[in-house]
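The values are calculated or read from the model by the stated rules, or taken from the named source; none is laboratory data. These numbers come from a predicted model, not from an experiment. Cβ: placed from backbone, ideal geometry, glycine included. Neighbour counts: every protein chain shown.
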Amino acid sequence: MSEAQGASLAGLATILAFLSGFVDTAAFIHMSGLFVAHVTGNFVLLGAALASDGAVGGKGPEALQLAALPIFFAAALITGALAARLPAPRSLGVILWSAAVMMAGVAAAGALVGAGPWDAGSAVVLIAAMGMLNAAHRLNPAMGPPFALMTGNVAALAIHGAQVLRLAPPPEAPRAGNAGQMLRAVAGFATGCACGAIAQGWMGLASIAIPTMLLIGRLALIR
């Protein structure tokens, strides 16, 4: 992607926030307790399940909960290495398209063969895809605030609210648009969570096709 395409990154980030919430929620429900985007949450569920003799976290796949972070880390590491070997204008496009193709494959498998033991493989692919997308954000700060983890965005919005209400001193170097970007990210993520929960009940992992097609459509518009 060229520098001329930088103006479109904010809108792309909102779609990625929606996608992250959708995919994480759909996979969490389908896999009975596995985060594929918010991977550190798996350690919380696993620890709670161990402390309560499995009463917390449902039938969540404990092996995948343990493996999620290393898989996510490896995918992000490979993404960083790939980006370093590609021309800067192309690297973001290659990363995003690769993740979209991986998620499309999971959706196609869900539609063709339904649920089964192979869901563990689909979860691994989704974790890797989310690792790539998060790495893409780290490699391209112009995309704006994080689109997969909302804790920092919510805290930053709260601080901004305190500043607007004159309950806190204004920032030394205010940057226009940051609050709006964070608000869009939080709203997109929350909307994605709701849509993912509903769509998964109807379509299983095939529902991943919905945010994937949104991402592909948005990428196709970028020249």
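Here is a list of conditions, (1) part of a loop (DSSP other than H, G, I, E, B); (2) surrounded by fewer than 12 Cβ atoms within 10 Å (Cβ to Cβ), and A148 meets all of them except one; can you say which number that is? Going through (1) part of a loop (DSSP other than H, G, I, E, B); (2) surrounded by fewer than 12 Cβ atoms within 10 Å (Cβ to Cβ) one by one, A148 breaks only (2).
Scanning the stretch 98-154 for residues that are β-branched (V, I, T) and free of Cβ contacts under 8 Å to residues at least 40 places away in the same chain returns V101, V113, V125, T151, V154. Contact map, the stretch 179-208: residues that are under 18 Å from A26 (Cα atoms) paired with residues that are among the charged types (D, E, K, R) and part of a helix (DSSP H, G or I), Cβ distance under 9 Å, separation 6+ or inter-chain. Pairs shown: F189/D24; G192/D24; C193/D24; G196/D24; G204/D119; L205/D119.
Residues are listed down the side, and each one gets a yes or a no for (1) within 28 Å of E62 (Cβ to Cβ); (2) within 13 Å of the chain's Cα centre (by Cα); (3) crowded, with 20+ Cβ neighbours inside 10 Å:
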residue: A115; (1), (2), (3): yes, no, no
residue: L126; (1), (2), (3): yes, yes, yes
residue: M132; (1), (2), (3): yes, yes, yes
residue: A155; (1), (2), (3): no, no, no
residue: V164; (1), (2), (3): no, no, no
residue: Q200; (1), (2), (3): yes, no, yes
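The requirement of being touching a Ser or Thr at 6+ places or on another chain (Cβ under 9 Å) and at pLDDT below 90 is satisfied by A185. Return yes when I29 is under 21 Å from G201 (Cα atoms), modelled with pLDDT of 90 or more and assigned to a helix (DSSP H, G or I) and no when it is not. It is true that I29 is under 21 Å from G201 (Cα atoms), modelled with pLDDT of 90 or more and assigned to a helix (DSSP H, G or I).
Right, R138: part of a helix (DSSP H, G or I) and either loosely packed, with under 12 Cβ neighbours inside 10 Å or of a type in the set (D, E, K, R) (or both) or not? It is true that R138 is part of a helix (DSSP H, G or I) and either loosely packed, with under 12 Cβ neighbours inside 10 Å or of a type in the set (D, E, K, R) (or both).
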